[in-house]
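Worksheet: the structure to be examined is printed underneath.
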Amino acid sequence: MSSGVGASVPVGVLVESVGIPAQSGGGLVPRGSRVEVFQQIFEVFLVLGTLVGVVVVGYMTYNAYKYRDRDDRGDADDGIDAPRVGELPTGSGGGRKLFYSFGLSTILVVSLILWTYGTLLYVEQDPPGDAEEDLEVEVVGYRFGWDFVYPNGHTSETLRVPEGETVHLEVTSDDVFHTFGVPELRVKTDAIPGQRTSTWFVANETGSYEVRCFELCGAGHSYMTADVEVVEPRTFESWYADTSNESETANESNSSARPPEEVVG
Amino acid sequence: MSKLKLYTAIYVVLFVLATGQTLVEFAGLDYWVGLWVILGLSFVKALFVAVYYQHLRWEPRSVSFVMLVGLLAALALTIAASYSIL
Amino acid sequence: MSAEAEQSTDHGHGLPPASSVKRWLVTTNHKDVGILYTVTALFFLVFGGVLALLMRIQLWTPGEGFLAAVSYNQAVSAHGLIMIFWFLSPFAFGFANYVVPLQIGARDLAFPRLNALSYWLYLFSGILFGVSFFQGGTFAGGWTMYAPLNIPVYTPNIGASTAVLALVLFVASVTVSSVNFLTSMHRMRAEGMTLRRMPLFSWTILLTVWMMLFAFAALLAALLILSSDRLLGTQYFAATDAGGSLLWAHLFWFFGHPEVYIVFFPALGVMAETFQTFTGRRIVGRKWFIAAMVLVALQSFVVWMHHMFLTSINLQIKTLFMATTIGISLPFDLMVFALIYTLIKGRVRFTTPFLFSFGALVLFIIGGITGVFLGAVVLDYEFRGTYWVVAHFHYVMVGGVTALFGGLYYWFPKMTGKMYDEFLGKVHFALYFVGFNLLYFPMFLAWETPRRDFVYPEAFVSLHQLSTVGGFILGASFLVMFYNLSKSLLVGEEAGDNPWAYSVTTEWALPSPPPLENFPGRPTFETGMLEFRRGPGGTERSGVEAADGGEPTADGGEPSTDGGAAYVAEIEAESGHDEDHASPWPFAIGLASFVALLGFSGLQQGGFPTGLSGGFYAGLTGGGLVLLGWTLVRLARERFNGPVGPFGESWPFENVENTKLGVWLFLASDVVLFGAFIGSYVFIRVAHGWTDWHDLIPEAHVVLPGLINTYLLLTSSFAVVLALVAAERESRWGLVASLGLTFALGVAFLVNKALEWLHLFDLHGGAFAGGWLPSTNVASSTFYLTTGLHGLHVIAGLFISLYLIARAWGGAYLDDERPVEYFGLYWHFVDIVWLFLFPLFYIL
């Protein structure tokens, strides 16, 4: 639900006036890393949403105050057709104004969503990079941790990826419904047993980020974390060349030796 | 035709359709053609029971609409959910 | 109304006075039931609220501390379930029970005993949920109960099963209630009270119960499948490679999204009523307001997948559901503007009910705007599972609750006859509004906190502490309310019939509280204004005095301040009997259901464990079922006179008698129940690979038993038709023989099925050496459970037919064959279901 008393400016104009920088590909539809597209769209929504909210709530509060019942109001009972007990409910006039406001809010909401639909198509179908060459890692959620399986079979509890490159993830779960997400990298997808979901991200800065679970999965849900380590592409290459299809530590991929917090419940 | 005769005739039709439905499987049709024929026959039989045995024909249309809305809701769930994973 | 007058109206109905505890156990009067609902819902508000405060204490600092992890998960889950199921809707239905019959001009609901039954099933389901805490802990998988966390492999405690069964009982209550309200509201409106002219609160309730009828049937399907997985060992949700996990999400949200409007619509109705009353203006664009609500009610069934945008559903369906989601947000814009424009040129009086409604609108606008963020799929991807969602839906849902508290203050004088303390009401509102925003607004700022986590980034500590403080202020505000209302109830000023200027609806033309039969005469709006008519041809009329809300006065004849006694006498004279307002059986049935379900909770893999506790649960099950059967028969045998016609307006069911309409509405919900079961089967089979399905089924599973059963059921349907013809021809033995044939064919159906099942259970060799059991694979699970549910319908039908045979033997139904006809409707429906199950499970 939204409303648009104050925002009759075409969305395109607004978007540019808010100052969306043209990202790779340019144009009206935000593109770039997931952090960038989220930030751009979120900001536009936040600005417009706040504006609309303030205007609408302000308008209704103003009117409630202006038309408050006072003893000194001269119009008294005479002259107005006051509602009476026992009458059949009917409506008041004012339909035209209602429809203008409704139309305006419709235009605003529909254009906003259509605008973001362009980005949805980009995110879903046309991510940056070259799908053939980009790194693809399989992510397997389990109670309560994450396994990352590289194309060469190497399995790790840390997701190590090169900086500035598109990384594709194929996500699933070994047991219950989890949701894989790295808040800082704005990447998230459900980890569903028996299903595979795919997503991607680009990390533009080296460093360490935290993976968390976003769907209640049992007692260890709050502790179901893992690390993402973003390293220089060259460091990544040499690290990856040294891995084999062995696990990083002996007990990691062995489900019987999973962390002790695997409590039922 | 008295009501009793009508009911009896419908009973015979239902009996025949049920038998026919089972025989479709052995008619050597393509699986998917057969599937739709069989389901179609189920709908036909259900209509006969609803319209005559449950007297929907003699009730206000609104009752039929209520049942139709329920059926549509169930179909929406079935079709959209199945389509979502195709 | 004075105590003496109350006494006088209660005479001869077997209904004890309001001061007696017994009255509240046996009452079937809609106003009493409304009060029971309201009080019970407030109890569950406190229950759910305390759980929320426990969570807020835990969140004071990140990390485990106050509660252990499992306890926290239980608090999260129980808080959600209690608030959504046992508080929100029942609270609204307290008002609905009390006010709707008054507003539409009905003396009571169509089926007063079923109304009481709805209440008792509701109360006992809540108690059952409470019991689950003491059976190794309640369900801890969140109120959304995602699969497969909801199956015993991951949540093995008995309490988790009990929680699911409590929900089943709750759904039973809701279904009975929806059928009752729909029948009453469609069939029993006063003359001139057409649907177009119905007050907006009644409109919201009407649309709410329509949504309930269908949405809760889908939830029932989900819960029955889950119960079966937990108690009988079927494999629906365990079979994750066949989409079990997604199946739950589809079933749950197919119910879950309409549920949002089910809990919000009554709040919208309260807002519409209070805005009109306290601005002294009729609502702007009334017919568009109604049209918008109808549109939302319809659309609410095609938006559910927006809760699943991050699952493996395809892009096409995401696009479709994104479009329907935007579509459903737009009608709300119109409703909000209609309310706002109603303020203009009004005479706005800031009473407590108006403050709560006005506040609710502010909160709902914020909730709505933040909801548009979630409608943009790209943003939804990031908000999924975070506090943005938590904050958004609390602004919407608790925003709605805010309006409902406005409704409580608005109707409190009507329900009790006493005025609340206006100053304390305003204090409540101030604390409530500040507490609310302090609690939920920081959640938007701390939105990156994962939902249902107690470990969150250090950066958000102060925001979460603000939330906790807000939570306690919100909680404390209710102490003011409870003090205010209980004190006013005891020593408050008399409210009079109509304490509000400019109120319109019928309840304000009646004494506070209204007498048992509600009206001083037959209410009619024939002239466009409410009138009460008595005497032959309605010659004695009394109208209603205008705006200032005086006593209803008589234009001629005796004054109507006799509490309606003359009207009651007239009803008795017309219909030849009193209207009854008391029955002990609804309570007894509720208790029996409670005992039986508590017994069921001990089931594991289709059997009770050996030992003392297993015996205990088995005993409860057996005792509960026997008690249930006995109480149902007693209810059926009891002489009870509900309100009878003629009614004024019955569009669009003019010629469908109340009971018949009730049966049809029940069947409509049953269509969705079976539809959801069949839909689950289709979904799982598609997920597994439609034609690979045959690998899961043994060769021994052949068409013939199914075909024989098809013949048996078709013939039994024909036998019921013959029974009806015999009854119409007043042939006692023809009737008994036809019903006997129906019964025999039904038994044959079950025997044939039992033989078939035993044969399949007992397979040796081949791919299914251990037998083809319900727990063998997902195909056997769907087969046994779906046809088993159908079998249960057959068994229920057989019990009804036995009852009919016994009565027909004694000569019943010859002068009134309707019970036979209604049984036929049910039996034919069971037949129709089989017509689809047979090809799906035997041929294809």
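Read-outs throughout are calculated quantities, based only on the coordinates presented, and are distinct from any laboratory measurement. Model, not experiment: these values are computed from the prediction. Cβ atoms come from the backbone with ideal geometry, glycine included; neighbour counts cover every protein chain shown.
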Report summary line: Percent antiparallel among DSSP beta bridges confined to the protein assembly as shown, rounded to 5, stands at 70
Requested in this report: Enumerate the amide H contacts of A:C213 below 5 Å, restricted to partners 5 or more residues apart or on another chain; note that Pro and chain-start residues carry no placed amide H.
Outcome: A:M224
Query raised in the report: Once label points are set 7 Å from the Cα along Cα→Cβ at both A:N204 and C:D241, what is their separation, rounded to one decimal in nm?
Result: 4.3
Query raised in the report: Short version: ³J(HN,Hα) in whole Hz for each residue of the stretch A:30-46, in order, from phi by Karplus 6.51 cos²θ - 1.76 cosθ + 1.60 (θ = phi - 60°), x for Gly and Pro, what are they?
Result: x, 9, x, 6, 5, 5, 5, 5, 4, 4, 5, 5, 4, 4, 4, 4, 5
Query raised in the report: Taking square-rooted eigenvalues a ≥ b ≥ c of the alpha carbon gyration tensor, is chain C rounded, prolate or oblate, where a/c under 1.5 means rounded and, failing that, a/b exceeding b/c means prolate?
Result: oblate
Query raised in the report: Non-local amide H neighbours of C:Q235 (under 5 Å, H modeled in plane, Pro and chain starts lacking H): which ones?
Result: C:S781
Query raised in the report: Which percent, nearest 5, of DSSP beta bridges in the stretch A:135-248 are antiparallel?
Result: 65
Query raised in the report: How do C:418-425, C:80-87, B:25-32, C:208-215 rank on mean C-beta neighbours within 10 Å, highest first?
Result: C:208-215, C:80-87, C:418-425, B:25-32
Query raised in the report: Where a ≥ b ≥ c are the square roots of the eigenvalues of the C-alpha gyration tensor, would you call the protein assembly as shown rounded, which needs a/c under 1.5, or, failing that, prolate if a/b is larger than b/c, or oblate?
Result: oblate
Query raised in the report: Magnitude of the Cβ-charge dipole of the protein assembly as shown, K/R +1 and D/E -1, about the Cα centre, nearest 20 debye?
Result: 2840
Report task. Could you tell me whether the stretch C:601-728 comes out rounded, prolate or oblate from its Cα gyration tensor? Rule is a ≥ b ≥ c as square roots of the eigenvalues, rounded for a/c under 1.5, then prolate if a/b exceeds b/c, otherwise oblate. Result -> oblate
Query raised in the report: At 222 nm, what helix-only mean residue ellipticity would the protein assembly as shown give, in deg cm²/dmol to the nearest 500, using -39500 (n - 2.57) for each DSSP H run of four or more?
Result: -20000 deg cm²/dmol
Report summary line: Given a Förster distance of 56 Å, the FRET efficiency implied by the Cβ-Cβ spacing of B:A76 and A:W239, rounded to the nearest 0.05, works out to 0.65
**Report entry** Of the GluC sites (Glu not before Pro) in the stretch C:453-495, those whose Cβ has at most 13 other Cβ within 10 Å and which sit in DSSP loop
**Finding:** C:E493
Report summary line: Quick calc: nm separation of the 7 Å Cα→Cβ label points for A:Q39 and B:L68 -> 5.5
Report summary line: Amide H contacts under 5 Å for C:A582, restricted to residues at least 5 apart in sequence or on another chain and with H modeled in the peptide plane, are C:T28
Requested in this report: Over 27 Å between C-alpha atoms is what I'm after, so list which of B:K3/B:K45; A:K97/C:K318; C:K22/C:K414; C:K660/C:K753; A:K66/C:K414 land there.
Outcome: A:K97/C:K318; C:K660/C:K753; A:K66/C:K414
Query raised in the report: Quick one: if you stick a label point 7 Å off each Cα along the C-beta vector at B:Y83 and C:A754, how many nm between them?
Result: 4.5
Query raised in the report: Sorted by average packing, counted as other Cβ atoms within 10 angstrom per residue and highest first, what order do B:3-15, C:246-258 take?
Result: C:246-258, B:3-15
Report summary line: The rounded separation in angstrom of the Cα centers of the stretch C:157-193 and the stretch C:451-530 is 23
Requested in this report: Round to the nearest 0.05 the FRET efficiency obtained for C:L802 and A:V54 when R0 = 56 Å and r is the Cβ-Cβ distance.
Outcome: 0.25
